[in-house]
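Reviewing the structure listed below.
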Amino acid sequence: MEPSDADAYLGRVLRGSPSGTRLARSQALSTNFLFLELRHKVEIHRMTGRVVECPIDEMNRPRGSKDAQLLGTGPGWQAGLLAHRLGDANVVTVEVDPVVAEAARRRPAAAGLHPLAVAGDAAEGYPSAVPYDRVTVTFGARRIPYAWLRQTRPGGMVLLPWGTHFGNGDALLRLTVHQGGTATGPFLRPVDFMKMRFQRLVWPFHTPDPAFAVDESTTRTALPDLGRFDPFPLAVGLRLHHVTHAVQPRDDGRTLWLCSLSNLSWAGATFHDGQDVAQVRQYGPRRLGNEFEAVFHWWVDNDLPGVECFGLTVDERGRRGWLDSPDNPVA
């Protein structure tokens, strides 16, 4: 079943059915595919070469009296689309900038749409209209505020671009909220969004400490692809905590810089064109070059998993990454 098949079924076959019937059928299909993704995605991929993904998505979900919260209103375009699909009374949108929030009220109103546009911190959501059936985030997050889960009903979904400070890229994460306040779900695809204002990366300034000396060594591990839409940076960020990176071009190669966000550690590995051996320099209490190399070999040993093979489990204590299944956590 492809999204076009779901479009035809929900839009044509069930066209004359009550909205409650369309919503129930949609939820049944979503639950079935969620089960396949969580329990059998790896097995199906090995047997068929295809990746299981639900054909019911944020674009073709049937209309109905379901409340939605949109975080990051911007100019109001998405709020207007949701209000047209769900009805004004079922959409709440939050924007941190009061001037932008006011503009987002005027623009949909010009088209006869009036979702509730609130000026406030999106990290706090909007508790006055809970619970929500869907929470959609339109900016890249580095931490997932627990308020988003707490304000979503069990069985509801939180859709957001998420990533780590290791790189600037994000991956679209679809979380399903469970009883007890836990949420789990897979990454769907690489994306790149403007980052949440209060979670943007601030590069540290490291003052040298005489207690540490620069260690020099070599490595034969090649520099992997670290572009914003490559899958490896997500794997690094899930395993190599509190670290960011930059790649510096050189006339005869590239230097990978790794920098700790929690202590004085850093590492630099220079890869020269046409040479198999790279020079590595490391400093501080962590051996970031060694840690990075270990993550790369782990990724290779697991058959170079793509973004869609990873997922997150989130609760009040924080988040935990996993590979293929929540039962296989990423350390």
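Summary of values
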quantity	calculated
Kirkwood-based shape ratio for the stretch 250-321, expressed as Rg/Rh from alpha carbons	1.07
Rough spin-label spacing in nm, given labels placed 7 Å along Cα→Cβ, for Phe205 and Ala129	4.3
Gain in span if fully extended, Asn302 to Asp230, counting 0.36 nm per residue against the direct Cα distance	24.3 nm
Shape of the stretch 121-179, Cα gyration tensor, a/c cut at 1.5	prolate
Whole-number percent relative contact order across the stretch 156-235, with pairs defined as alpha carbons under 8 Å at least 6 apart	27
Shape of the stretch 193-282, Cα gyration tensor, a/c cut at 1.5	oblate
Rg and Dmax [Cα atoms of the stretch 14-156; Å; Rg one decimal, Dmax integer]	17.1, 53
Taking the chain and dividing mean pair separation by its residue count, relative contact order in percent (alpha carbons under 8 Å, at least six apart)	12
Antiparallel DSSP beta bridges within the chain, percent to nearest 5	70
The chain: calculated mean residue ellipticity at 222 nm from DSSP helix runs of at least 4, using -39500 (n - 2.57)	-8000 deg cm²/dmol
Exposed trypsin sites (Lys or Arg not before Pro) absent: longest stretch of the chain, with sites in DSSP loops and at most 10 other Cβ within 10 Å deemed exposed	51-219
Kirkwood Rh in Å, taken over the chain so that all alpha-carbon pairs contribute	21.9
Cα centroid separation - the stretch 221-256 against the stretch 1-60, whole Å	35
Where GluC sites (Glu not before Pro) in DSSP loops with at most 16 other Cβ within 10 Å are excluded, longest remaining stretch of the chain	59-315
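Every number here is computed from the coordinates shown, using simple stated rules; none is lab data. It should be emphasised that the depicted structure is a prediction, and the values quoted were computed from it without experimental measurement. Neighbour counts are summed over all protein chains in view; Cβ atoms, including those assigned to glycine, are modelled from backbone coordinates with ideal geometry.
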